[in-house]
Amino acid sequence: MAVPLKLSALSDQRVDALAAIVGHEHVSTATHDRLLYSRDMWPQTVLWTKRGHFPHPPDAVVSPGCTEEVSRLLAYCNGEGIPVIPYGGGSGVCAGILPEQGGVILNMRRMDRIVSIDSDAMIAEIETGIYGEILERQLNPRGFTMGHFPSSIYCSTLGGYLAARSAGQMSSRYGKIEDMVIGLEVVLPDGSIHRTPMAQIGTSRIDWNQIVIGSEGTLGVITRAWMKISPVPAHREYLSFHFRGVDEGLNAMRRVMQAGLEPSVLRLYDEFDTVVAATHGPGSNPDAADARPSLWTQRLGDLAEMLKKSSLNRALKRPGWLNKATGLLPPKCLLVVITEGEPDLAAFEAKRVRDICRDARGQSAGEGPARYWMEHRYAISYKQSKIFDAGAWVDTMEVATTWRDVTPLYNAVRAAVADQCFIMAHFSHAYPDGCCIYFSMTASADNPSAMEANHLKVWQTALEAVHRNRGTLTHHHGVGRSKGFMLPREFGALWPLCRQIKGALDPNGIMNPGNLGMKP
């Protein structure tokens with residue numbers, strides 16, 4: 001099927017100028033490349049694609065091979081007023097790389113080397129175009145890990161992690177990506193190359209790393225990073241517990257983190273997500289409180305399968321009914337826990353977690369659910385396409401708040417969108433002061449236009465509820481264009497300062513224009 005696509009706005013002279021920097025084989029104005037790089041995985045653009053709508057193609061896709069080429073490209077585009085959008089793996093879900101004004105997509109994936117490893121300091125110098133899974137595969141034989149495991153690890157890059165302030169599934173132990181950074185190499189829009197001072201213990205100064213991290217391609221291009229790495233864990237312990245409701249499970253999570261423990265995984269599912277999660281993997285403890293799925297679990301397992309098949313569309317057009325039905329579930333919430341490191345330390349932490357959870361009225365479910373989660377932890381992202389194929393949309397919203405506000409925020413968001421989409425959640429990325437709530441939302445409508453409108457309305461409603469209940473707009477997916485409209489409210493009086501920083505570093509406004517709510 002031929003896809004109508006507006007012609008590239010770049011003249012042959014400009015294309016030749018870009019090719020003179022990186023080589024003709026690394027510059028493309030071909031239709032298939034311009035289509036491929038016209039969006040990330042924001043569900044709104046996925047819906048557009050399903051009806052053959054590609055409103056914002058770039059004018060060219062350019063793939064630099066080194067920092068010097070990035071520098072020359074930015075200097076040229078800055079002088080010519082050509083927009084530039086840095087592009088990693090394209091796995092983002094917030095429209096962070098939507099070329100609304102055309103311009104050049106800067107495909108960073110040729111820059112994918114581990115440059116060096118300092119084994120004594122446990123610091124790796126890495127180019128930012130490397131995929132997360134390849135990075136781990138190259139670090140592990142040398143005895144190291146980044147400890148950064150987002151569910152998109154097979155199709156996302158280090159540069160994307162830094163741009164969006166990413167968090168891996170084991171952030172409670174290893175921290176978020178910004179906690180792992182020692183130093184950065186950044187190319188500013190004028191082409192100048194800067195390296196931030198390497199973090200030194202006890203140094204008192206502005207941390208330039210934290211100004212660049214999370215800027216989502218609006219201030220410059222991160223080309224290289226010096227990252228903390230950790231030893232590959234020698235041992236893991238797996239634990240699982242059932243709690244009578246979200247509040248009891250959250251109380252246990254808070255007590256574990258405030259006891260000074262550092263489990264790599266601490267993940268609580270609400271009642272319906274407990275059904276969807278694999279609650280009984282192989283190896284479950286035979287003397288667990290509920291070794292076999294209950295009748296409710298079996299029936300709702302059947303419901304989950306039904307929703308994946310022919311009745312999906314019909315059911316998701318009545319999300320209010322589905323949300324009310326989940327209220328009939330018995331209060332059972334699954335908590336999966338993994339501790340890791342040296343065997344004695346991992347075993348000690350597991351014992352302390354077990355004692356705390358039992359004291360918090362948790363009932364052991366054995367190792368099985370935690371082992372099952374570990375084995376299947378990347379699977380869910382690849383199953384979402386089936387929902388779109390069935391004629392519905394699915395999306396996730398990750399927000400965070402302090403322990404005091406977790407339950408009110410969770411309840412407020414669910415209530416706000418209950419009539420607009422089906423919603424469930426789990427709680428993860430726990431820290432001593434609070435945690436992340438990861439909502440999964442899905443709905444359908446009678447036609448594509450209505451479905452796109454429904455998706456946007458759900459986000460508007462949900463984010464307003466988050467803001468009213470003292471939550472963040474994002475914990476680790478980034479802001480992009482999908483949430484940018486809320487940034488002025490979240491930053492308040494600091495929003496003009498954000499605009500001033502953007503104006504100072506990118507006075508011509510060429511870097512990812514329109515992202516983070518910064519309209520030209």
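The values are calculated or read from the model by the stated rules, or taken from the named source; none is laboratory data. What you see is a predicted model; the values in this text were computed from it and never measured. Positions of Cβ are generated from backbone atoms using ideal geometry, with glycine treated the same way; all protein chains shown enter the neighbour counts. What goes into the accessible areas is simple: the full protein's heavy atoms, side chains included, and nothing from ligands, DNA or RNA. Shrake-Rupley method; radii C 1.70, N 1.55, O 1.52, S 1.80 Å.
Here is how the numbers come out for the structure above:
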{"item": "Of all residues making up the range 377-409, the number that are open to solvent by 10 Å² or more (accessible area, probe 1.4 Å), over 30 Å from residue 48 (Cβ atoms) and under 21 Å from the mean Cα position of the chain (by Cα)", "result": "2"}
{"item": "Residue in the range 160-175 that is among the polar types (S, T, N, Q), within 30 Å of residue 427 (Cβ to Cβ) and surrounded by fewer than 17 Cβ atoms within 10 Å (Cβ to Cβ) present", "result": "no"}
{"item": "Subset of the range 263-273 (residues that are over 17 Å from residue 406 (Cβ atoms) and either open to solvent by 10 Å² or more (accessible area, probe 1.4 Å) or without any contact (Cβ under 8 Å) to a residue 60 or more places away in the chain (or both))", "result": "272"}
{"item": "Flag for residue 314 being assigned to a helix (DSSP H, G or I), at pLDDT 95 or above and of a type in the set (Lys, Arg)", "result": "no"}
{"item": "In the range 472-494, residue most open to solvent (accessible area, probe 1.4 Å) [restricted to those that are closer than 24 Å to residue 167 by Cα and assigned to a helix (DSSP H, G or I)]", "result": "489"}
{"item": "Hits in the range 44-60 (condition: open to solvent by less than 10 Å² (accessible area, probe 1.4 Å) and of a type in the set (Val, Ile, Thr))", "result": "45"}
{"item": "Top-ranked residue of the range 495-509 - restricted to ones that are part of a helix (DSSP H, G or I) and of a type in the set (Gly, Ala, Ser), ranked as surrounded by the most Cβ atoms within 10 Å (Cβ to Cβ)", "result": "503"}
{"item": "Some residue of the range 282-296 being among the hydrophobic types (A, V, I, L, M, F, W, C), modelled with pLDDT of 95 or more and either surrounded by fewer than 19 Cβ atoms within 10 Å (Cβ to Cβ) or under 26 Å from the mean Cα position of the chain (by Cα) (or both)", "result": "no"}
{"item": "Condition met for residue 353 (assigned to a helix (DSSP H, G or I), crowded, with 20+ Cβ neighbours inside 10 Å and not aromatic (Phe, Trp, Tyr))", "result": "yes"}
{"item": "Residue under evaluation residue 260, criteria (1) at negative phi; (2) at pLDDT 85 or above; (3) open to solvent by 10 Å² or more (accessible area, probe 1.4 Å), criterion not met", "result": "(1)"}
{"item": "Matching residues in the range 18-43 - criterion: being under 25 Å from residue 185 (Cα atoms) and surrounded by fewer than 18 Cβ atoms within 10 Å (Cβ to Cβ)", "result": "19, 20, 23, 26"}
{"item": "Residue selected from the range 510-520 under the condition under 22 Å from residue 80 (Cα atoms) and open to solvent by less than 30 Å² (accessible area, probe 1.4 Å), by the criterion modelled with the lowest pLDDT", "result": "518"}
{"item": "Test result for residue 447, polar (S, T, N, Q) and in contact (Cβ under 8 Å) with a residue 24 or more places away in the chain", "result": "no"}
{"item": "From the options 89, 102, 147, residue that is closer than 28 Å to residue 38 by Cα and either at pLDDT below 95 or surrounded by 22 or more Cβ atoms within 10 Å (Cβ to Cβ) (or both)", "result": "89"}
{"item": "Complete set of residues in the range 55-74 that are assigned to a helix (DSSP H, G or I), more than 18 Å from residue 113 (Cβ to Cβ) and touching a helix residue (DSSP H, G or I) at 6+ places or on another chain (Cβ under 6 Å)", "result": "72, 73"}
{"item": "Test: residue in the range 436-458 that is of a type outside the set (Val, Ile, Thr), open to solvent by 20 Å² or more (accessible area, probe 1.4 Å), in a helix (DSSP H, G or I) and closer than 30 Å to residue 243 by Cα", "result": "no"}
{"item": "Count of the range 388-413 residues which are of a type in the set (A, V, I, L, M), assigned to a helix (DSSP H, G or I) and out of contact with any Lys or Arg (no Cβ under 8 Å at 6 or more places or on another chain)", "result": "2"}
